[in-house]
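One structure, pasted below without further comment.
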Ligand SMILES: [Zn+2]
C-alpha cells in the first residue's frame, strides 16, 4: 500500500516507556513458545530501525494513533498468532509497513499527511492484513530464492544472516516490493477489518486519491513509483459492491470523514 513500501532474544520486547499499544487478546500460546522465524525476522528489523535511531518511544503523536490502533487490533489480532505492536518511526515520507512477527511501523510523516481518521485507519488495516497474509515472509522467500522452511535454517546460521535478511526486507518494503495482486488482497482484507472495527473502509480509497493529488515531491518514497492506485481503487470499489451487507452502510463521500489533525511539531523521544 502506501507502503510498500523489524533480538537478541528476549521474551517480549521490554521497552519501558514505549507508548505502543500492546495487543488485546493475543493468543497466550505465543508468549510461551520459542520465537519462530517470523518473530526472529521481525526482531532483526526492529533492531535495525533501533540502531538507526528511528523508533519513537514517546510522543503526543501516539495519543492520536492509539485509539485507531486499539480498534483495529481488536479485530485483527484473532487472525494472527503473534501480538500486533505498533511503532511510530521518524521518517520523511508518509508510509507504513508491517514486518513478520506482528510489528507495524507507521511514519510520523503519515500522521501529518492524512486528512482524516479513516485514511489512517485504512492504512493500519491494510498493513495488518499483509501480516495476516504472511506477505513479507513470502517476499523474503522470493527475493532470497529460499524456501520458507529454509528461512529458519538461515537464521540458525547466525545473527549476521538473519540481519541481512532483515535489511533486504526493509529495502523491499520501502520500494513497493509487493505485486498488485498482493496489494489488492491486503486492501480487501484491510477493508473487511476496517468495516468490522467501525472505520469507514472508504478511507483507503480516499487515501489513494490523496496520494494521486499530492505533490509528488512531498511523497518521494511512497507513491512516486506507484502507478497502480486506479486499479486498486477500482478493485476496492468492486469488493464493496459485491459485499453490500458489509460495506453498504458506509458513505463513499469523503466529506463524511472525521478529520484527523496530528499535534503540530510534536516532540519525539527515540529508542536508543
Ligand atoms: Zn501494502
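A short reminder: the numbers here are calculations on the coordinates, not readings from a lab. The shown structure was predicted, so the numbers you read here are calculated from the model rather than taken from an experiment. Neighbour counts are summed over all protein chains in view; Cβ atoms, including those assigned to glycine, are modelled from backbone coordinates with ideal geometry.
Ordered by packing density, taken as the mean number of other Cβ atoms within 10 Å over each peptide's residues, highest first, how do 238-249, 102-113, 181-192 rank?
With the highest mean Cβ count within 10 Å placed first, the list reads 102-113, 181-192, 238-249.
Taking the Cβ-Cβ separation of residue 167 and residue 269 as r and a Förster radius of 22 Å, what is the calculated FRET efficiency to the nearest 0.05?
Plugging the Cβ-Cβ distance into 1/(1 + (r/R0)^6) gives 0.30.
Taking 22 Å as R0, compute the FRET efficiency from the Cβ-Cβ separation of residue 243 and residue 180 and round it to 0.05.
Calculated transfer efficiency: 0.60.
Follow-up. If packing is taken as the mean number of other Cβ atoms within 10 Å per residue, what is the order of 38-49, 53-64, highest first?
Ranking, from highest mean packing down: 38-49, 53-64.
Please work out the FRET efficiency for the pair residue 251 and residue 212, using the Cβ-Cβ distance as r and a Förster radius of 25 Å; give the result to the nearest 0.05.
0.75
Report the label-to-label distance for residue 145 and residue 231 in nanometres (one decimal), using points 7 Å from each Cα along the Cα→Cβ vector.
2.5
Calculate, in nm to one decimal, what residue 134 and residue 79 gain on full extension: separation in residues at 0.36 nm each, minus their alpha carbon distance.
18.7 nm
How far, in nm, would the chain grow between residue 52 and residue 258 when pulled straight, counting 0.36 nm per residue and subtracting the alpha carbon separation?
So the chain would gain 70.7 nm between residue 52 and residue 258.
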